[in-house]
Amino acid sequence: MVYEIEEDSRSAISQEITRSSKKFFRDDFLTRRGRREYLMKMLLLVTVPIMGVIAESMIRLVNSISEETASYKTKEQMNLTESSAQLIHSLQNERGQRILGIGNITTLESILKAYNSTDSWIDKLQIWPLPNTIIVPNFLLTRSQLLTHIQNHRKTSNKIITTSSAIRKFILDEIYFYESIIKPLIEYLLKLAPASRNSNVWKLYVGFKMLASSKEEASIVRELGVLHYYLGYFTETDLKQYIKADSLNSAFLKTSKIFASQINDYLNSALESYPSLLITLNKMKAEIVSNKTIHNRNPLMWWFQLNTAYINIENTVHKRLSTSIQGYLEKDIRLENTDVIIAICLLFLIFCICPLLFKLMINLVRSIERFAEDVVQKTDLLKFERERANSLLYRMLPRTVAKELKQTDSATAEYFDQVTIFFSDIVGFTQLSSRSTPLQVIELLNALYLNFDNTTELYNVYKVETIGDAYMVASGPCMAGVVGTKMPRYCLFGDAVNTAARLETTGAPNQIHISKESYELLTIFGGFEVEYRGTVELKGKGTMETYWLIGRLSPDQIDSLPNTVQWKDTDIANI
């Protein structure tokens, strides 16, 4: 019986917990299957965000590695760009030395040195900067083709020239030949622009490219100036070409300073060692632009040296600017290396924490399981105690009164039109108690009252109280209500109560003493044998006719009685 109650209680608690978690946790985690499903759901709740974090960390790691790889590639491109810039500078220097060589102004050693420098920088270009994806002349498709093209040019044009027309043609051809190599290299420098998270890198690189273009135009200005001093004058076409090259030189230099303000600082710092360089150059440029005939070639070497010095200064600025760009790229690489390390550490940390989280989640589910079982036990105990308290309360008060008292903390007094009140007494109880031990008295009363209680439960009779040996019959109206708050008692008030008490005091042993009102009720229902006792003097009530209730009639006796109501035991329970 106790086991069935516990199972019912456990089932009720389980259903309650299941209902309270209806949206997601529908299973009963008090059972083994329910616990497994609950654990899987909890692990799923933890796994989904963890997998999201792992995916995000993996993406971050892949992106960091990609950016790091791109930065290293960018650095390689910048190294290639710097080598290309130095190749351009060597080609410009070679062009200048070859032009000076036609008048034996320079030495063969200087020319060969320029050749070796150009060949050396071509060899250093392990990756050819001009890919096959762009349209370039055939001699620029590969490093070997370029080297062959330049060497063939050196062989075919290595002659001593004396006539003015031949000198002019040679210088212009030299300018065009080397320009056809240098200009594509300069244009492709912009395609090698490094990608960086720092916007300054792109600006510096544009300035780097503009400075390379400025240096090429300055080199052309130098070669055309040599032509002017060779011939002593400019043709109109040559003058226009000179002015164009000088203007482009100034424009490219100004543009480079806009994108890379450092160029102005680097240039001024380098020119401090040559305070009169720009002044002298500008003066000689003004003389050339005036295009007055000059019959003296002495300024030619001076012009060449001044322009070469200026071009070398621009080349120095070029290198410093390249170093600045390399510094930004190195910083990018360090940052991306840091990002890769952080991403790896974060991923490692997540993989280390995941087992701990799963372990904690399993422990949490087990704690919830233990808590739920404890709740069930406590609820079972609470239910048992509640039923026990209700049982005690229902023994003290009628069930309807007790329920009203629990709900409202007060009970309304009731008036009953007709009740039957019974008082009983044990004859000789006082003498019996004096001859018996207290334990024997209690056992006697318990046995007696247990029989009374079992009988009253059959007929919906309420026992008000027991006082000693009195088991308090009179019929009539009365008031009933709860009296008191600390120890509330259900009390009856009215004449019927007093009458029942007086009848008990005037009764006889082994007799049920009833009032006339009770007798009349029994007569209406019939089925009882009643004997008239006579009149009895009752204290406070005067004389009263009373009767003895002998017992119940048999069914045959009841059928033989005229004008009596036929009834059953259950009829009395409904009174």
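For Y230, are the conditions met, namely being modelled with pLDDT under 90, part of a helix (DSSP H, G or I), over 60 Å from the mean Cα position of the chain (by Cα) and not hydrophobic (A, V, I, L, M, F, W, C)?
Yes; evaluated as a whole, the condition is true for this residue.
Quick one: what pairs do we get from the range 409-437, first residue under 17 Å from W548 (Cα atoms), second modelled with pLDDT under 80 and of a type in the set (V, I, T), C-beta under 7 Å, 6+ apart or different chains?
T420/V473; I421/V473; I421/V497; F422/V473
Considering S71, S83, which residue is in a helix (DSSP H, G or I) and either in the same structural domain as N296 (by TED's automatic domain parsing) or surrounded by fewer than 22 Cβ atoms within 10 Å (Cβ to Cβ) (or both)?
S83
Among S424, S410, which is the only one that is more than 24 Å from N460 (Cβ to Cβ) and more than 46 Å from the chain's Cα centre (by Cα)?
S410
Would you point out which residue out of R366, R334 is surrounded by fewer than 13 Cβ atoms within 10 Å (Cβ to Cβ) and at pLDDT below 80?
Only one candidate passes the filter, namely R366.
Kindly indicate which of I54, I88, I111 is surrounded by 15 or more Cβ atoms within 10 Å (Cβ to Cβ), assigned by TED's automatic domain parsing to the domain that holds K183 and touching a helix residue (DSSP H, G or I) at 6+ places or on another chain (Cβ under 7 Å).
Testing whether each residue is surrounded by 15 or more Cβ atoms within 10 Å (Cβ to Cβ), assigned by TED's automatic domain parsing to the domain that holds K183 and touching a helix residue (DSSP H, G or I) at 6+ places or on another chain (Cβ under 7 Å) leaves just I111.
Of everything in the range 527-553 that's surrounded by 13 or more Cβ atoms within 10 Å (Cβ to Cβ) and β-branched (V, I, T), which residue is nearest to K516 (Cα to Cα)?
T546
Name every residue in the range 338-392 that is of a type in the set (S, T, Y) and closer than 30 Å to T69 by Cα, in order of residue number.
Once the filter is applied, which keeps residues that are of a type in the set (S, T, Y) and closer than 30 Å to T69 by Cα, the range 338-392 yields only T338.
Give the residue, chosen from I333, I342, that is over 26 Å from S261 (Cβ atoms) and assigned to a helix (DSSP H, G or I).
After ruling out the rest, the residue left standing is I342.
The values are calculated or read from the model by the stated rules, or taken from the named source; none is laboratory data. Because the structure is predicted, anything quoted here is derived from the model rather than measured. Virtual Cβ from ideal backbone geometry, glycine too; neighbours counted across all protein chains shown.
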